Amino acid sequence: MAAPPDAILLGILVAASLAGLVAAIGLRDFVRSVLAFALGSAFLAGAFALLASPYAAVLELTVGAGLTAVLFLTAITLTSGREDDDG
């Protein structure tokens with residue numbers, strides 16, 4: 001018995017979300033890490049939308065992918081975006 005297309009799409013969205021969020025943790029470049037975080041959050045919003053939860057999807061897309069990414073990028077820009085290698 002084959003899985004319904006919605007289940008396959010949900011699995012793809014969840015896997016892409018996990019891949020983006022794990023990549024955000026593992027990347028050394030701050031800007032790329034923030035972009036991976038925003039992309040993973042956007043895929044998670046797509047999964048919420050597919051699960052018929054539009055309010056959670058919109059909230060995740062605006063706050064998770066949008067506002068948080070902008071705040072992180074602003075903080076990186078203001079702090080010159082480099083780590084100290086003294087420690």
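Only the coordinates and a few stated rules stand behind these numbers; no lab work does. This is a predicted model, so every value here is computed, not measured. Cβ atoms come from the backbone with ideal geometry, glycine included; neighbour counts cover every protein chain shown.
When the range 29-73 is filtered for residues that are aromatic (Phe, Trp, Tyr), more than 17 Å from GLY11 (Cβ to Cβ) and within 13 Å of the chain's Cα centre (by Cα), the ones remaining, listed by number, are PHE37, PHE72. Using beta carbons and a limit of 7 Å, which pairs, at least six apart or on different chains, have the first residue in the range 1-24 and surrounded by 14 or more Cβ atoms within 10 Å (Cβ to Cβ) and the second one part of a helix (DSSP H, G or I) and hydroxyl-bearing (Ser, Thr, Tyr)? These pairs meet every condition: ALA24/SER33. Do we find that LEU61 is assigned to a helix (DSSP H, G or I), on the phi < 0 side of the Ramachandran plot, touching a helix residue (DSSP H, G or I) at 6+ places or on another chain (Cβ under 7 Å) and in contact (Cβ under 8 Å) with a residue 40 or more places away in the chain in this structure? So LEU61 does not fit the description; no. Pairing each residue of the range 27-41 that is farther than 12 Å from PHE72 by Cβ and touching a residue at least 24 places away in the same chain (Cβ under 8 Å) with any residue that is assigned to a helix (DSSP H, G or I) and not hydrophobic (A, V, I, L, M, F, W, C), provided the two are 6+ apart or on different chains, yields C-beta distances under 7 Å for LEU39/GLY20; GLY40/SER17; GLY40/GLY20.
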